[in-house]
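Below is one structure; the comments refer to it alone.
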Amino acid sequence: MVFNRWPVNLLAQLKAKFVRAAKPEHLQRGELGERAAETHLKALGLKFLTRNFRSARGEIDLVFRDQQCLVFVEVKTRSSEEWTRPAAAVDARKRRRLSLTALDYLRRLKNPPVKFRFDIVEVLLRDGAVREIRHLPNTFPLSKPYRYA
């Protein structure tokens, strides 16, 4: 009877659990952009609440409080603006998904009577470092049919 033989798949499972593979470059860029946006908004006086809020309907990159207003922030990080501005990627479909996810966030807070807005932060990179940050407050309203007006 042999006791010192490890099943091959057990070794692979241990390696997968304890050895982290490098993240793809686009995910690394996104995390860099989110950290830069968070730091920038804190410097503007907004109070950080959470990062990467997820519900079944989507994800919100950052959530802040600006005095009595909740701020749902979508961060767009790009290494080039040759074609379009990063904020242009937040199309009607993405705005709808952000709206639904924001409503899920408010539902988790038991729907407080609070004002909220949607901001976009554009983060531009050069050679893997932050070159410019643009904060675009109150970029779009809650998507129809979810808003009252």
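Values in this text are rule-based calculations from the coordinates and carry no lab data. Quick caveat: nothing in here was measured; it's all calculated off a predicted structure. Positions of Cβ are backbone-derived with ideal geometry, glycine not excepted, and every protein chain shown enters the neighbour counts.
With an 8 Å cut-off on Cα pairs and a minimum separation of 6 or more residues, tell me the relative contact order of the chain in percent.
On the way: 203 pairs, mean separation 30.8, N = 149.
Averaging sequence separation for qualifying contacts and normalising by length gives 21 percent for the chain.
Can you tell me the dipole magnitude for the stretch 23-140 around its Cα centre, using point charges on the Cβ only (Lys, Arg +1; Asp, Glu -1), in Debye to the nearest 20?
Values: 25 positive and 16 negative charges, 117 e Å.
The calculation lands at about 560 debye.
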**Asked** So what's the angle, to the nearest 10 degrees on a 0 to 90 scale, between helix 92-108 and the longest Cα principal axis of the chain?
**Response** 80 degrees
**Message:** Using 0.36 nm times the number of residues separating residue 44 and residue 79, minus their current alpha carbon distance, what extension gain do you get?
**Reply:** 10.2 nm
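For the stretch 23-140, what proportion of DSSP beta bridges, expressed in % and rounded to the nearest 5, is antiparallel? Can you show the working numbers first?
Numbers: 20 of 30 bridges.
If we restrict to bridges inside the stretch 23-140, about 65 percent are antiparallel.
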**Prompt:** For the chain, how big is Rg over Rh, using alpha carbon atoms and the Kirkwood form of Rh?
**Reply:** 1.14
**Request:** Treat each spin label as a single point 7 Å out from the Cα along the C-beta direction, and report the residue 104 to residue 69 distance in nm.
**Result:** 2.5 nm
**Message:** On a 27 Å Cα-Cα criterion, which of the cross-link pairs 76/110; 115/144; 42/144 come out too long?
**Reply:** 76/110; 42/144
**Complete:** Here the gain from full extension of residue 134 to residue 31, 0.36 nm per residue of separation minus their alpha-carbon distance, amounts to 35.4 nm
**Message:** I want to check the label-to-label distance for residue 91 and residue 52. Put each point 7 Å from Cα in the C-beta direction and report it in nm to one decimal.
**Reply:** 2.6 nm
